[in-house]
Amino acid sequence: MMTPTLKTITAAGMLAILSGCSALSGGNSNYSCEGMGADAEDGCMSVRDAYENTHVLEDDNQQAPTQTAIENARHVAETYVSPKLPDQPVPVRTPAEVMRIWVAPWESDQGDLNVTGYVYTEIEPRRWTLGAQPGGQNDRTQNPLD
């Protein structure tokens with residue numbers, strides 16, 4: 001049987017474990033907002049306000065984009081640097097072909113039972129494949145060195 005003192009110590013210990021580190025830190029208000037809603041500082045709003053400000057509906061009542069948004073999009077399109085694609089075929093590593101083999105339960109000569117299971121084996125090793133060749137040549141496959 002537990003004595004009342006042992007019960008009190010156990011309850012206090014459980015309470016300390018459940019409270020975690022929150023009782024030690026005291027909290028920090030550096031990351032809280034002073035106000036919410038329309039009067040709040042920029043970037044300080046509730047989740048619902050953030051959703052309503054960013055949710056775009058696909059309907060006929062949409063507003064036309066502002067001139068600033070159009071200029072920003074034009075600037076991004078003018079300064080976008082696209083990667084230069086190579087003139088040569090691009091090498092691609094093909095994955096290995098793997099087969100899963102089911103092994104039925106069986107009894108050995110010594111009377112041991114071997115239960116069912118799977119064995120995985122590699123049928124075809126992975127290879128390097130070159131993409132489409134310029135001039136309509138066929139694909140070439142390069143085998144790795146053993």
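What follows draws every value from the coordinates through simple rules; no lab data is involved. The model shown is predicted, which means the values in this text are computed figures rather than measured ones. Every residue, glycine as well, gets a Cβ built from its backbone with ideal geometry; the counts of neighbours run over all protein chains shown.
Taking the number of Cβ atoms within 10 Å of each Cβ as an exposure proxy, the fewest-first ranking of ILE101, ILE9 is ILE101, ILE9.
Once the Cα-Cα distance is subtracted from the 0.36 nm per residue extended length, the ARG74 to THR3 segment shows a gain of 17.8 nm.
Rounded to the nearest whole Hz, the Karplus-based 3J(HN,Hα) values (6.51 cos²θ - 1.76 cosθ + 1.60, θ = phi - 60°) of the range 101-111 follow the sequence 10, 8, 10, 6, x, 8, 10, 7, 5, 8, x, with x at glycine and proline. Simple spin-label estimate for ASP49 and THR121 gives 6.7 nm between the two label positions (7 Å along the Cα-to-Cβ direction from each Cα). Relative to the current alpha-carbon distance between GLN67 and THR10, full extension at 0.36 nm per residue lengthens the span by 13.8 nm.
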